[in-house]
């Protein structure tokens, strides 16, 4: 059985990963401020391009869709630690960029390197955390993974609050410094812990990771298409909310509440859908939430000036619309394409990252060309409505998934004597 220290460390890692993941979007007004980094909207959007590339690659490698011979020889703990080190590198590079903020080209280059490390850290750490959590709680893996993802979501909601607090103190870089210190502590503690999903198994009898190439299962394309649209919609809120609200006359410190509200409701919505699925089937939520999101985009597009309360409410509604869509997409895919859990999760997350990239760095050039953010949010409502129609295809004649969150793939291949489920 895993020790209390192992459980606590994995849960804390989820919280810290959430904070680190949203640090860059939470500081959007700092990156675009003329008194700080002075990035154009296009530069700010393009800053996330390396993150998308490395996150996609890390997701595919972790799923065994790329370099299976490499990942087959690596322990789960090593993958987890590599992800934490990449996160730490991202925070250190962000701090270095602040030290040379007056040298625009150098500072921007460091930001690009930082987001590249962040993408790798996210793509490696999060799947490993899910796998370790499920393995540590075999009798209650669903609840344990839900708690882990709630902690990760809590971290995403806290990041804008911390940025606003440190900015109020005149030292916004305090957040990446604090995050770096937490990561150093996590790495130091994790190195000393076993963090072995196969606790109690004789070392000679432990199976190794499979080195066989995992193929994309037929039928994955529709789930990936949904995830791509979802990634676009989520990122419109996650990366552009504060810039949109500040353009309407709201102070940056107040505008940070929109991002906090969005991520807080995303997390709370996932827990809520899981809690009420006995009375409201998750399949019904899956069909309805995209249209809630579409309505939220319409409200965001017509936000009045100097109305922070209305803006926070609109982005909270968008958070509810986003909440359970991505984990349910993976859950539907895993239950339809049985025997390919890891490939489904990796493929869907990779597609989600592509959608993230489209919204992250395509919106900047659009705004630079004269198209205002409210108009782009209005167009996003059409994307969300299209996602609602696509949900009818994704969940066509499918029962509600047994769990709202994705099921982690096994850290080791199934014994050859296990029944083949691919024909189910």
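The values are calculated or read from the model by the stated rules, or taken from the named source; none is laboratory data. Owing to the predicted nature of the structure, the values given are computational and were not obtained by experimental measurement. Virtual Cβ from ideal backbone geometry, glycine too; neighbours counted across all protein chains shown.
Pairing residues of region 349-376 that are over 22 Å from residue 245 (Cβ atoms) with residues that are at pLDDT 95 or above and in a loop (DSSP other than H, G, I, E, B), at Cβ distances under 7 Å and at least 6 apart in sequence or on separate chains, gives 357/48.
Screening region 12-130 for helices (runs of 4 or more DSSP H) wholly inside it with 3 or more residues that are without any contact (Cβ under 8 Å) to a residue 40 or more places away in the chain returns the ranges 76-99. A Cβ distance below 6 Å, combined with a sequence gap of six or more or placement on separate chains, defines the contacts here; from region 138-154, residues that are under 14 Å from residue 273 (Cα atoms) reach residues that are in a helix (DSSP H, G or I) in the pairs 146/274; 150/267; 150/271.
Table: residues versus (1) modelled with pLDDT under 95; (2) buried (at least 23 other Cβ atoms within 10 Å of the Cβ).
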site	(1), (2)
259	no, yes
262	no, yes
276	yes, no
306	yes, no
310	no, no
313	no, no
331	yes, yes
